[in-house]
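Working notes, beginning with the structure itself.
The values are calculated or read from the model by the stated rules, or taken from the named source; none is laboratory data. On a predicted model such as this, the values are computed, not experimentally measured, just so you know. Cβ: placed from backbone, ideal geometry, glycine included. Neighbour counts: every protein chain shown. With ligands, DNA and RNA removed, areas are computed over all heavy atoms of the protein, side chains included. Shrake-Rupley method; radii C 1.70, N 1.55, O 1.52, S 1.80 Å.
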Amino acid sequence: DSGVTQTPKHLITATGQRVTLRCSPRSGDLSVYWYQQSLDQGLQFLIHYYNGEERAKGNILERFSAQQFPDLHSELNLSSLELGDSALYFCASSVGSGGLYNEQFFGPGTRLTVL
Amino acid sequence: GDSVTQMEGPVTLSEEAFLTINCTYTATGYPSLFWYVQYPGEGLQLLLKATKADDKGSNKGFEATYRKETTSFHLEKGSVQVSDSAVYFCALIDVAALIFGKGTTLSVSS
């Protein structure tokens, strides 16, 4: 158990809908990262927050947004869902703001299925 | 941009066989390198890491050496067990984001 929690574990929805994925980092970690794992794209970095502020963006679609709240939990919002958004979404956390020595601890993931 | 290439799987081995999973990277600088493991139905766990050239990361019998001259970070284990069956990801860190290879599935039979 990494100490990172993600809810829900599974999510099934229809095209055009909007969903929210939630992540709680390990106690004491200030950084939260979101990654998407799909069969065709593999594991891709989406976005990084540190202590409530956005720090870096990866291949995140404009239909997707995220935020980190004062209690440090984070939410990833996915809207106007398409079939291709079906994937496993991971959250990871680390103590600091990234860099060479910051180990990222991963949650168990949320499996999103868009029908 | 930075990228990671690792050998295609699946890799199928018998228990106690020697394991090598190849990984090469492309980067503008000298990034830290990682191997992560994903067991069925679970998230990723850090297996080992190396932060500079010639560093050797090791954990649970797995080893990988950071080779700057060949831009490689191959994963090895002398004697695999059935419990090592999982997907293995090579990765580098680009400022804060991890950049992963496609993953290699290892299946070990008794």
TODO: Name the one entry in B:Val87, B:Val37 that is of a type outside the set (Gly, Ala, Ser), closer than 21 Å to A:Ser38 by Cα and in contact with a Phe, Trp or Tyr (Cβ under 7 Å, 6 or more places away or on another chain).
DONE: B:Val37
Task: Subset of the range A:36-92 [open to solvent by 40 Å² or more (accessible area, probe 1.4 Å), within 14 Å of chain B (Cβ to nearest Cβ) and not in a strand (DSSP E or B)] - done: A:Leu39, A:Asp40, A:Gln41, A:Asn51, A:Asn59
Open item on the list: among the small types (Gly, Ala, Ser) and either surrounded by fewer than 17 Cβ atoms within 10 Å (Cβ to Cβ) or away from every other protein chain (no Cβ under 12 Å) (or both): which single residue out of B:Ala97, B:Ala86, B:Ala91, B:Ala50 fits that description?
Closed with: B:Ala86
Task: Lone qualifier among B:Gly78, B:Gly41, B:Gly61 - being modelled with pLDDT under 95 and open to solvent by 30 Å² or more (accessible area, probe 1.4 Å) - done: B:Gly41
TODO: Please verify whether the range B:13-21 includes one or more residues that are at pLDDT 95 or above, farther than 17 Å from B:Ser58 by Cα, open to solvent by 60 Å² or more (accessible area, probe 1.4 Å) and assigned to a loop (DSSP other than H, G, I, E, B).
DONE: yes
